[in-house]
Every structure is written in structure tokens, then in C-alpha cells.
Amino acid sequence: MLSLDGIHTHYGMAHILSGVSLEVRRGEVVALLGRNGAGKTTTLKTVMGLVRPTRGTVRLGEKDITGWPPYRVARAGVGYVPEDRRIFTDLTVRENLEVGRRPPREGCPVWDEERVFRLFPALKEMRDRPGGRMSGGEQQMLTIGRTLMGNPSVILLDEPSEGLAPVIVEQMARAITELKREGLTVLLSEQNLPFCSAVSDRAYIIEKGIIRYEGPMRELLDRPEVLEAYLSV
């Protein structure tokens, strides 16, 4: 569904990603794990066209989307939830959702306001509240909901549990599980191993822009030496 093959990405003279290859199959939830600065966000931005790779290929299904501008990547069916959320603080919940609305996509679940409210009931209760008067967890729900309104086939989640209260993290895990049940393909970057282990089918570990581990999540949990080497603080 989504694949990266030998991706190299630079910021100026800094070599950030060095030959990153990964695959997310249709209907999978795949975690990209790593410490701060490992290259997780750059990987997602490279997929989304926010950063142009210097070498390598990004494919969405049969399409080579390498270096496409973000609007074309989005139109092709990729939704992106950035770490900093970027909601419109002066718009209400309903207005923020409406901004993300796009026509239905063949073969993908069709999302509308009511469906988003079923996924995140708390948003329905505050549907007329400005985004600037919401907590961080509520804003995260809204950002995911707005992205879903674009009817993506693949969704990229950048550290969705970062800075959230445990009860909100649990809600996020349930929501991602529901998205998988609906057939959505998910690539999430994270440092939160317990969160990822609850929702992910497979995992990659990235360190200094290089993929160091690839395998089923359940197998990663049985590899304490890998966890210690690449994920311990």
C-alpha cells in the first residue's frame, strides 16, 4: 500500500535519512519507533512531500509519489496528522472538520461529521467550541477527525500520544484500533512502546536515520536487547 525504498533525505548539509526502506500493507497499523531526533518525523514528512528526498522512491500502491508536492500526495489518498496539530483556533470543532472535507474515494471508508463524532464522542459535546479553547488531547482528536474528513486510504500519525494524559492515550488507542477495523492503513511514529504494542501489527526502529529493526510487534516485545539498545532513555 505504502512503501519507501532506499530513501535518503537531507536538511542542507545534514544527512537525516540514510537508505530508509519500509512497507505498510493495506489495512495494517505499523509503528516507526525511535528516540527524539532519530528521523521519525522526517520519514513522515518525506512521504507527505514536505521534505524532498535526495535519493530513493516513495510509492502509494502502484503510484510513484516521490517528491510530489503535499497537495498531490493528499489528493492521492494520504492523510497527515502532524505532531503540532495545527488546528484553526478561531474556528469551531464543526468548522475545523468542514475544512478537511474532501469527496469520497473509491474503495475507502466515507467519513462525515457524524462518523467522526462516533469515533470521538467528546468532539460532539463540544462541536460549537472554538479550537483554541480545547485541551491538547481534544485538539489531537480534532486533528485526526479533520484528517479523516479527507477520506484518506493511508493516514500518517506523528507521535499521537505525545504529551497526552493516560486516559486520552487510551482513547487514542481505541480509535486507531477502530480505524484498522474500518480498513484504514496507518503508519505512526512514536516513542511510546506500550501504546504502539496495543495497536500495531508490525514495527520498525529507526536510529540516526537508519532502520535498525523490522518485524512483528509481538516479536519486538520479546527482544529486550533491541529495546535496550535503541529505545531506552
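Read-outs throughout are calculated quantities, based only on the coordinates presented, and are distinct from any laboratory measurement. The structure displayed is predicted, hence computed values, not measured ones. Virtual Cβ from ideal backbone geometry, glycine too; neighbours counted across all protein chains shown.
Using the Kyte-Doolittle scale, find the helices of the chain whose mean hydropathy is at least 1.6 and whose Cα atoms extend 15 Å or more along the helix's long axis, counting only whole DSSP H runs.
Correct list, ordered by number: empty.
Using Cα springs under 10 Å in a Gaussian network model of the chain, which residue among D128, D201, D112 shows the largest mean-square fluctuation?
Among D128, D201, D112, the largest GNM mean-square fluctuation belongs to D128.
What is the magnitude of the charge dipole of the chain about its Cα centre, with +1 placed on the Cβ of each Lys and Arg, -1 on the Cβ of each Asp and Glu, and no other charges, expressed in debye to the nearest 20?
That gives the chain a dipole magnitude of about 540 debye.
Quick one: if you stick a label point 7 Å off each Cα along the C-beta vector at R218 and R86, how many nm between them?
Between R218 and R86, the simple spin-label model gives 3.8 nm.
Peptides 130-138, 153-161: what's the order by average Cβ count within 10 Å, highest mean first?
The peptides rank, most packed first, as 153-161, 130-138.
Using 1/(1 + (r/R0)^6) with R0 = 35 angstrom and r between the beta carbons of Y11 and E114, what's the FRET efficiency to the nearest 0.05?
E between Y11 and E114, to the nearest 0.05, is 0.25.
Suppose a student asked you for the relative contact order of the stretch 111-233, using Cα pairs under 8 Å spaced at least 6 residues apart; what percent would you report?
It rounds to 19 percent for the stretch 111-233.
What number of lysine-lysine pairs in the chain show an alpha-carbon separation below 28 angstrom, given a sequence spacing of 8 or more or placement on distinct chains?
Within the chain, the lysine pair count is 8.
Taking the chain as a Gaussian network, Cα atoms linked when under 10 Å apart, which of T46, T147, T177 shows the biggest mean-square fluctuation?
In the Gaussian network model the winner is T177.
Towards the positive end of the charge dipole of the chain, with charges on Cβ (+1 Lys, Arg; -1 Asp, Glu), say which of I206, G136, Y11 has the farthest Cα.
Y11
Considering only DSSP beta bridges with both partners in the stretch 103-233, what is the antiparallel share in %, to the nearest 5?
Antiparallel: roughly 55 percent of the beta bridges in the stretch 103-233.
Quote the relative contact order of the stretch 1-105 in percent (integer), defining contacts as alpha-carbon pairs under 8 Å separated by 6+ residues.
That works out to 25 percent.
Going by how many other beta carbons lie within 10 Å of each one, how would you line up V110, V81, fewest first?
Arranged by neighbour count, lowest to highest, V110, V81 become V110, V81.
So if I take the alpha carbon set of the stretch 2-231, get Rg, then get Rh from the Kirkwood formula, what is the Rg over Rh ratio?
0.95
When only DSSP loop residues count, what GluC sites (Glu not before Pro) in the stretch 1-92 have their Cβ near at most 15 other Cβ atoms within 10 Å?
Passing sites in the stretch 1-92 are E62.
Which residue, chosen from V186, G49, P121, occupies the Cα position most advanced towards the positive end of the dipole of the chain, where the dipole is computed from +1 (Lys, Arg) and -1 (Asp, Glu) charges on Cβ about the Cα centre?
Farthest towards the positive end: G49.
Can you tell me the relative contact order of the chain? Whole percent, Cα pairs under 8 Å, sequence separation 6 or more.
After rounding, I find 28 percent.
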